[in-house]
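Engineer: Here's a structure for you.
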């Protein structure tokens, strides 16, 4: 039992490290936060599928803190008030990255459940960023050559511009990984 918990901790730490390294490889970075990365969410999602939602949420919470600390200098340079800063930390970092741990919610349903869980986790992450855009940023104006006075539409366009590609690329990657016999063996191995 003790070896199983130790193995789960080591695997979690390795997945956090891998996800962090992948998050540094940015395909595209937006000016006010958000970027398309090289599949940085895949390791956390796979860990959640293998270990379950409890372990997944714990590891993704630690990952959220890592992402917050890595971006802290940039976020502090935006000149936010204390209350807005706390809300930004909560929605754009703590909650947005912690929900990745929900990828294991349908893990007992096999490959279809694994894919559905990953898509759900990424859509929940988009939802956190969308809420942040509406509740904190209240942005309106021109986004991607589209002018809007609707903060809901602005937030959907801005956050969708990086989260939609992240959802698509991550889903394609996990579908590919799940087709590999080695991945299926890893994810279906007994963890207790």
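Derivation of every value follows stated rules applied to the coordinates shown; laboratory data play no part. Given the structure is predicted, the values throughout are model-derived calculations rather than measurements. Cβ atoms come from the backbone with ideal geometry, glycine included; neighbour counts cover every protein chain shown.
Engineer: Pairing the Cα long axis of helix 2-23 with the longest principal axis of the chain, what angle in degrees results, from 0 to 90 and rounded to the nearest 10?
Structural biologist: 40 degrees
Engineer: Could I ask something else about it? Say R0 is 25 Å: what FRET efficiency, to the nearest 0.05, do residue 10 and residue 175 get from their beta-carbon distance? It would help to have the intermediate numbers written out before the result.
Structural biologist: Numbers: r = 27 Å, r/R0 = 1.08.
Plugging the Cβ-Cβ distance into 1/(1 + (r/R0)^6) gives 0.40.
Engineer: For an R0 of 25 angstrom, estimate the FRET efficiency from the Cβ-Cβ distance between residue 148 and residue 38 and round to the nearest 0.05.
Structural biologist: 0.25
Engineer: Taking only DSSP H segments of four or more residues, each worth -39500 (n - 2.57), what value at 222 nm results for the chain once the sum is divided by all its residues, to the nearest 500 deg cm²/dmol?
Structural biologist: Roughly -21500 deg cm²/dmol at 222 nm, from the helical runs in the chain.
Engineer: In addition: Where a ≥ b ≥ c are the square roots of the eigenvalues of the C-alpha gyration tensor, would you call segment 81-144 rounded, which needs a/c under 1.5, or, failing that, prolate if a/b is larger than b/c, or oblate? Let's see the in-between values first.
Structural biologist: Working: a/c = 5.20, a/b = 2.07, b/c = 2.51.
Oblate, since a/c reaches 1.5 and b/c is not below a/b.
Engineer: Nearest 0.05, what FRET efficiency do residue 139 and residue 111 give at R0 = 45 Å with Cβ-Cβ as r?
Structural biologist: 0.70
Engineer: Moving on to the next point. Helix 53-76: angle to the longest alpha-carbon principal axis of the chain, degrees 0 to 90, nearest 10?
Structural biologist: So the inclination is approximately 30 degrees.
Engineer: Residue 189 to residue 25: extension gain in nm, 0.36 nm per residue of separation minus the Cα-Cα distance?
Structural biologist: 56.0 nm
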